[in-house]
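What follows draws every value from the coordinates through simple rules; no lab data is involved. All figures in this text were calculated on a predicted structure; none of them were measured in a lab. Positions of Cβ are backbone-derived with ideal geometry, glycine not excepted, and every protein chain shown enters the neighbour counts.
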Amino acid sequence: MIRARVAAVGLLLAAGCEPSPKQTGDPVDAGASPNAKILPAPLANEAPDPDPIDASIPPEAGVTLVSDDLGRLIVSESGQPSPLQPATPLPEDTLTSRELAGVTLEAAFRFRDVPQPVKTPEVAVDGLRAAQELTGLTWTIDLAETGRMRVEFTSHALPLPLGAELRARSDLYGEIALWPGAARYRVVPPGALRTLLGERRVDVTPLSAGSARPVGEGKRLGYDVRKVEVNASLGTLYVELGKVPEAGEGGPLLCRALLSILGVDPRSHECVAGEVPLFAAYAWQGGGGIGFEATSAVRRADLASTDLLMPPPSAAYAASGLPSAQGSAFLTRDQLAALRTAPLPLPRSVDPGAPSEGFIAVNQTDALSYLLVDGIPVVAVPPMSERYVIGPPRGLYVIQWRTFLGESIEPPQTVELPARLVRGGDDAGGSDGG
């Protein structure tokens, strides 16, 4: 027999950026996002923006959610999930301890237009291959049929550190970002996942209904998929939704997350139970893009409900800040040295700002910027900052600056290292490599 639980939750979507108080002792968001307010005009064929999510329900109304003892939503007085509010801690999660059925995905983001290294005898193929494997932009995703999602960051080269998590549940719109070790959590309201991944901050991007059209059917990872193209003011998302019944209500949570990156309202009819995004490709209106691909999907009957709690009991609420991101290179000095079999006998750089070895990556823009070396993400440099990276032997390399989500992808350049590599500002394009 289903045993109902009643929990009072009064949550509203905040219509702006995060609150101003800062948490002492942790990285904080560096002001308002440069992309949060500067948005392209809506597409001519885009559906009208939906009404604000639950905008008619005041916080004091106490929206009632009724769930069974597995945590599945039975009824909501508002008729839909409640949106997370960034300034409000979540109540204790009362999901009972048990094993749940579902599916586990191994997935990765894929950079577009990645340049190849120069063709010289010194290029170490094995070293490059090892570096590519170490910097894969990978997620492990648990989707429980009862409507829970856990995303673990399993790469050093992602915007949040190794071991950080995102969690979501079907009775709430939005996610939480969880520190490694589940020590703290930050609320990520609907519309903020784009800036979380693209800029390491929690700013709400305005959401629109978007417009979707079917573009065919096919197979991926052995599952039947329906192919959909979703258009919004920020760009276009091509997505392949696999029919994975075991994912149940967990599948729409991943679908919502991917649509949120596009700026599409989580109430989209494209996110349905029993379907899981197995492939996605973003094409931004201003050019560029990024891909997302599931590389495996394993049916599970043993997902631990304690790993899906939102929030976990050990996690303290954080009103600001995010898990500490990698502050230096994604690869060690030895791993970077393995990119070449031997150094080239190049003359010392004439640039007085160039180091004696390695390179200094200088980001003079207002966007978090990745620097790729021979197609490998080596370092992410915060806005108006620089990072010193030691390891690559003296020689010729192909470099490229880009944002994580690919809204900005600069043309590749062949440079001599050591060098001072600059993005933006007066030295725009200045790769002072001798």
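Points worth noting:
- Karplus (6.51, -1.76, 1.60) ³J(HN,Hα), θ = phi - 60°, over region 239-255, in Hz, Gly and Pro reported as x: 9, 10, 9, x, 7, 10, x, 4, 6, x, 6, x, x, x, 5, 5, 4
- Local charge for A294 was computed over the other residues whose Cβ lies under 10 Å away, with Lys and Arg +1 and Asp and Glu -1, and equals -2.
- Region 317-368: trypsin sites (Lys or Arg not before Pro) falling in loop per DSSP and having at most 12 other Cβ within 10 Å: R348
- Other-chain or far-sequence residues with amide H under 5 Å of R220's (modelled H): V225
- Where the alpha-carbon atoms of region 269-425 are placed on the principal axes, they occupy 61, 37, 34 Å, in descending order.
- Estimated D of region 157-238 in µm² per second, where Rh is the Kirkwood radius over Cα pairs and Stokes-Einstein applies at 10 °C, 1.306 mPa s: 105
- Full-stretch length increase - V125, Q285 - with 0.36 nm per residue and alpha-carbon distance subtracted: 54.0 nm
- Rounded to whole Hz, the Karplus (6.51, -1.76, 1.60) HN-Hα couplings of region 257-273, x for glycine and proline: 4, 5, 5, 4, 4, 7, x, 9, 4, x, 7, 3, 6, 6, 9, 10, 4
- Within region 204-263, the proportion of Cα pairs with more than 17 Å between them is 44 percent.
- A Förster distance of 22 Å, applied to the separation of the beta-carbon atoms of R299 and Y238, puts the FRET efficiency at 0.25.
- Reported value for region 243-326: 181 Å³ per residue, from the convex hull of its C-alpha atoms.
- Separation of alpha-carbon centers, region 82-142 and region 291-325, rounded to whole Å: 12
- Modelled this way, with points 7 Å down the Cα-to-C-beta line, the labels at A319 and H269 are 4.2 nm from one another.
- For V215, residues with placed amide H under 5 Å, excluding near neighbours: K227, V228, E229
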